[in-house]
Structure formats: structure tokens, C-alpha cells
Amino acid sequence: MNKPIKGTKTEQNLLKAFAGESQARNRYTYFASAAKKAGFEQIANIFTETAENEKEHAKVFFKHLEGGDVEITTTYPAGVISDTKTNLKEAAAGENMEWTTLYADFAKVAKDEGFPDVVRSFEQVAKVEKFHEFRYRKLINNLVNTEVFKKKASIKWHCTNYLILNFVLFPAKNNLR
């Protein structure tokens, strides 16, 4: 039989992680709407995709919990919905904090308390959060270097307005916008 998680520091950390991932999902959904409104469809889609990833991360942590009430005290970002570049920076910073510090600390506590399955969950989700940060930082660079619609290299463009999949190769000098 598995060791009960109820009443442990790991239980509190799982609930913190669940709440944090749930909030990130909502923030990214809001950021997606702002990006779409600003004309950044690709960035909006990446925010939406990442929001769905965060939903799944929350589920991973939630499944380890055993029910009942758990009291936690923690801090969560209470930011605002801003311009797309600022939203990307906030998202990248949050992802960085999760994979470099938060989930590493939570995994250590779970290891010390004897919950190897929880350790694996924190470590696996941390790997995905690292990728999320990388992707957000790449999008920030695209905005800063005005390469969202114009690349230095040739690109393959996919029109999303029609049901027919149509890919067109644009030479670097003829990129969109």
C-alpha cells in the first residue's frame, strides 16, 4: 500500500502546484485573447496551447491529492493583462521560476518525505515548463527584432482562413507585412 500523503508538506506543495498551474492556464487564456486582438494570431495560438498544457499539469498534481481540505499559504502573481510583449515576458519569468526553483524544491521535499511518484511528476512537469520558457523567449525575440511577420530566412506560410491546407514558401525579402 502507498504511503498516505495526507498531512504532509508534499500535500501542501501539490495543492500549491495545482493552484499555480490552474491560474497560469487562465492567465495564458487572457494573454491569448490580447495577442489575437493585437493581430498576433501565432502568439495567441501558442498561449492557448500552453494554457491547455497547464491544465494537464494541474491534473497531474491533482491526481496525487487524497481529498479533504488542505490549508496553504503562498504567493501567486496578480499581474495585469498588458501588451503582448509584456505578457510574454511575464509568462517566461513564471515558467522560469517554476522549472528552476519551485518544482525542484517541491521534488526535494517529496523525495525527503518518500513520495517517488510525486518526485517524478514535479521533475517531468519542470522539463515542460523549461520548454515553455524557451518558446516564450523566442517569441519575445521575434517581437523585439520585428520578425513576427518577416524573417531573415525563407519561411513556409500556412493560410488558416480556408479549409484547404495551402503552404507557400516566402523568400526572406517577401515575408508577410
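Structure data summary
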quantity	calculated
Test: residue in the stretch 107-115 that is of a type outside the set (A, V, I, L, M), over 13 Å from residue 16 (Cα atoms) and part of a loop (DSSP other than H, G, I, E, B)	yes
Check on residue 74, assigned by TED's automatic domain parsing to the domain that holds residue 137 and surrounded by fewer than 16 Cβ atoms within 10 Å (Cβ to Cβ)	yes
Pairs with Cβ under 7 Å, 6+ apart, first in the stretch 110-128 and not assigned by TED's automatic domain parsing to the domain that holds residue 60, second of a type in the set (S, T, N, Q) and modelled with pLDDT of 95 or more	none
Long-range neighbours under 9 Å by Cβ, at least six apart or interchain, first residue farther than 18 Å from residue 73 by Cβ within the stretch 17-28, second outside any helix (DSSP H, G or I)	24/77; 27/77; 27/79; 27/81
Any chance residue 47 is in the same structural domain as residue 115 (by TED's automatic domain parsing), of a type outside the set (Gly, Ala, Ser) and modelled with pLDDT under 95	no
Odd one out for residue 4 among (1) surrounded by fewer than 16 Cβ atoms within 10 Å (Cβ to Cβ); (2) at pLDDT 95 or above	(2)
Test: residue in the stretch 73-80 that is more than 18 Å from the chain's Cα centre (by Cα), on the phi > 0 side of the Ramachandran plot and not basic (Lys, Arg)	no
Filter result for residue 36 (more than 24 Å from residue 138 (Cα to Cα), free of Cβ contacts under 8 Å to residues at least 12 places away in the same chain and part of a helix (DSSP H, G or I))	no
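So that you can scan it fast, the table gives a plain yes or no per residue for (1) among the aromatic types (Phe, Trp, Tyr); (2) outside any helix (DSSP H, G or I); (3) without any contact (Cβ under 8 Å) to a residue 60 or more places away in the chain:
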position	(1), (2), (3)
45	no, no, yes
51	no, no, yes
76	yes, yes, yes
81	no, yes, yes
86	no, no, yes
92	no, no, yes
100	no, no, yes
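The values are calculated or read from the model by the stated rules, or taken from the named source; none is laboratory data. Predicted, not measured: the structure shown is a model, and the values here were computed from it. Cβ sites come from the backbone with ideal geometry, for glycine too, and all protein chains shown count toward neighbours.
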